[in-house]
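Below: one structure, written as structure tokens.
The values are calculated or read from the model by the stated rules, or taken from the named source; none is laboratory data. Nothing here was measured: the structure is a model prediction, and the numbers come from that model. So basically every Cβ, Gly included, is an ideal-geometry build from the backbone, and we count neighbours across all protein chains shown.
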Amino acid sequence: MTKPLTGSFQLMKSLNRSLVMTTIRNEGPISRADIAKRIALTPPTVTNIVNELLEEKFIVESEIGASSGGRKPILLKLNSQSFSIIGIDVGGNTIKSLLTDLDANIIRENRRSMPPRPNAETFLAELNQSVSDLIGSAGTERPVIGIGIGMHGLVNPEEGVSVFAPNLHLRNVPIRASLEEAFGLPVYVENDVAAMALGEQWFGGGQDTDHFICVNIGVGVGAGIILNRQIFRGSSYSAGEIGHTTVDLNGPRCNCGNYGCLQTLVSGPAIAETVQNEIALGRRSKLQPSASGSLQSITGEHVCEAAKEGDELAIESFRKAGRLLGIGLTNMIHTLNPQKIILGGGVAQAGPLLTEPLAETVKERALESSVRHLTIEASRLGNRATAIGAVTIVLSRLFAEPQLPKESGIRQ
């Protein structure tokens, strides 16, 4: 919880419930007595909360524990398959959606292509259909308890509004209000890379890491920042817009209106455009279109495949992108001093073709003290990182880990 503690009964009850649920999730199977000891609550308080959670089927009694002299205790664990969660990754071209249990194990997944230049109504209709498809497969035995959305671009997570989605050319779309009205479920909306960072924190490479940055390189480039194990969003929710940092004063014009932004040089479309221009100037490549084809049909995915097959121009384009990305990340390293950087997105699928020149650039340019304990790695969650992160948004609300001031007096 981030709001000031008031000491009210309802707040205290909600806080204690979160503490009990989080303890069972993290440490179960665990006895009621051990829960009380771990979080300094009285046994009757724990018993009352546990009884509520058992009735609601969030937890189950799993086994009999070892006795310390009296009766053997009954152990509790999370009933992870009793409910389901929907997580959605909204990119510039596709909507990827997952239905998972409370441990983020995937039950079903869908992918929908986005119509070109949709208006707000069309976009929300596509989003609603993605949710409907998954709710229908959840059934009554595993009801959906929440929907998480990882939305590209600038997002206001407090209001659940997509403030600006540059790749869809949409502004001020009320995602939360629309989905909550349609489905009667709590809906949480985050920037896509912030969601990815949450997913990595809970289920990927960010576990047990206090300070790390997720960087997604796809149609655009963005960063999700975790500092002191909390998402850092900035004063207007725009922290992490690394794609719009300038790395070339004389570079191409970006859709933000600036010139030489990082994403105009290292994103998937930018890499494809580099190859298209070189072929137009006479460079030989496996990507040379047939007589009936066009240069514009070459995509970042095509360049990646050609690079892995040894195409010199494709390899060169990824090495150049890696060096430029290394410059952008060095600036972030000097500013935030993270322990780890996690790379995701379609461009990151190029693997060493991108990461080796990236790492070389960081080593050459970064202060030794800033990178002494730094690791750079690919996302362990792969191309599902943002969708799993969207699931994690819901889980993070369900299993809150409040930071209590010592003087709060909130315990019972």
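The table below lists the values:
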quantity: From the options Thr42, Thr94, residue that is in contact with a helix residue (DSSP H, G or I) (Cβ under 7 Å, 6 or more places away or on another chain) and among the polar types (S, T, N, Q); calculated: Thr42
quantity: Count of the stretch 107-118 residues which are more than 22 Å from Pro143 (Cα to Cα) and either among the acidic types (Asp, Glu) or free of Cβ contacts under 8 Å to residues at least 40 places away in the same chain (or both); calculated: 4
quantity: Subset of the stretch 80-110 [assigned to a strand (DSSP E or B) and hydroxyl-bearing (Ser, Thr, Tyr)]; calculated: Ser84, Thr94, Ser97, Thr100
quantity: When residues of the stretch 152-196 are limited to those that are out of contact with any Pro (no Cβ under 8 Å at 6 or more places or on another chain) and among the β-branched types (Val, Ile, Thr), the one surrounded by the fewest Cβ atoms within 10 Å (Cβ to Cβ); calculated: Val163
quantity: Any helices (runs of 4 or more DSSP H) falling wholly within the stretch 246-341 and containing at least 1 residues that are acidic (Asp, Glu), over 21 Å from Arg365 (Cα atoms) and modelled with pLDDT of 90 or more; calculated: 268-280, 300-308, 312-336
quantity: Residue list for the stretch 350-378, filter: of a type in the set (A, V, I, L, M, F, W, C), farther than 22 Å from Ile315 by Cβ and not in a helix (DSSP H, G or I); calculated: Ala366, Leu367, Leu374
quantity: Residue in the stretch 314-334 that is surrounded by fewer than 16 Cβ atoms within 10 Å (Cβ to Cβ), in the same structural domain as Glu360 (by TED's automatic domain parsing), out of contact with any Cys (no Cβ under 6 Å at 6 or more places or on another chain) and free of Cβ contacts under 8 Å to residues at least 12 places away in the same chain present; calculated: no
quantity: Given (1) buried (at least 22 other Cβ atoms within 10 Å of the Cβ); (2) in contact with a Gly (Cβ under 7 Å, 6 or more places away or on another chain), index of the condition Lys77 fails; calculated: (1)
quantity: Filtered residues of the stretch 103-129 (kept if farther than 20 Å from Asn167 by Cβ and either out of contact with any helix residue (DSSP H, G or I) (no Cβ under 7 Å at 6 or more places or on another chain) or of a type in the set (Ser, Thr, Tyr) (or both)); calculated: Asp103, Asn105, Ile106, Ile107, Glu109
quantity: Odd one out for Asn383 among (1) closer than 30 Å to Ser84 by Cα; (2) out of contact with any Leu (no Cβ under 6 Å at 6 or more places or on another chain); (3) in a helix (DSSP H, G or I); (4) modelled with pLDDT of 95 or more; calculated: (4)
quantity: Failed item in (1) hydrophobic (A, V, I, L, M, F, W, C); (2) closer than 29 Å to Ser235 by Cα; (3) over 17 Å from the mean Cα position of the chain (by Cα), with Leu134 passing the rest; calculated: (2)
quantity: Filter result for the condition that a residue is closer than 26 Å to Ser82 by Cβ, touching a residue at least 24 places away in the same chain (Cβ under 8 Å) and hydroxyl-bearing (Ser, Thr, Tyr), over Ser130, Ser178, Ser162; calculated: Ser130
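The rows are residues; the columns are (1) under 23 Å from the mean Cα position of the chain (by Cα); (2) on the phi < 0 side of the Ramachandran plot; (3) surrounded by fewer than 19 Cβ atoms within 10 Å (Cβ to Cβ).
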site: Ser235; (1), (2), (3): yes, yes, yes
site: Pro252; (1), (2), (3): no, yes, yes
site: Asn255; (1), (2), (3): no, yes, yes
site: Asn258; (1), (2), (3): no, yes, yes
site: Gly268; (1), (2), (3): yes, yes, no
site: Val275; (1), (2), (3): no, yes, no
